[in-house]
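Asks: Here it is: the structure, laid out below.
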Amino acid sequence: TLVFNELTDCLADNGTADIAGFGKFVLFHRKERMGINPVTGARIVIEASEFPKFKPSATLKKRCNECRVEK
């Protein structure tokens, strides 16, 4: 849990958390948009929000692809 707490703190403080050789977590801004309530069919406004996205490092991608080829 210490690792997750540290990642959360980094994202909250500066919007990125980089783990060398593994990847980077970055905050992504989603704009306000219109949506439809599936129950009532009414149009609603979905507020803008921020959420973390993960971008794997080139090293991680390479290792995953090497493992896939060997099997």
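Computed from the coordinates by the stated procedures, all read-outs in this text should not be read as laboratory data. Quick caveat, the model's predicted, so the values are computed rather than measured. FYI the Cβ positions are ideal-geometry reconstructions off the backbone, even for glycines, and counts take in every protein chain you see.
Asks: Take the range 31-68 and flag every residue that is over 30 Å from Ala17 (Cα atoms) and not polar (S, T, N, Q).
Replies: From the range 31-68, those over 30 Å from Ala17 (Cα atoms) are 34-45; that's our starting set.
Within the range 31-68, Met34, Gly35, Ile36, Pro38, Val39, Gly41, Ala42, Arg43, Ile44, Val45 qualify.
Asks: Which condition breaks for Glu66 when tested against (1) part of a strand (DSSP E or B); (2) loosely packed, with under 10 Cβ neighbours inside 10 Å; (3) free of Cβ contacts under 8 Å to residues at least 24 places away in the same chain?
Replies: (1)
Asks: Can you list the strands (runs of 3 or more DSSP E) lying wholly within the range 1-53 that have 1 or more residues being at negative phi, exposed (fewer than 10 other Cβ atoms within 10 Å of the Cβ) and under 12 Å from the mean Cα position of the chain (by Cα)?
Replies: Working: elements: 16-19, 23-30, 33-36, 43-46.
Once the strands (runs of 3 or more DSSP E) in the range 1-53 are filtered for at least 1 residues that are at negative phi, exposed (fewer than 10 other Cβ atoms within 10 Å of the Cβ) and under 12 Å from the mean Cα position of the chain (by Cα), what remains is 23-30.
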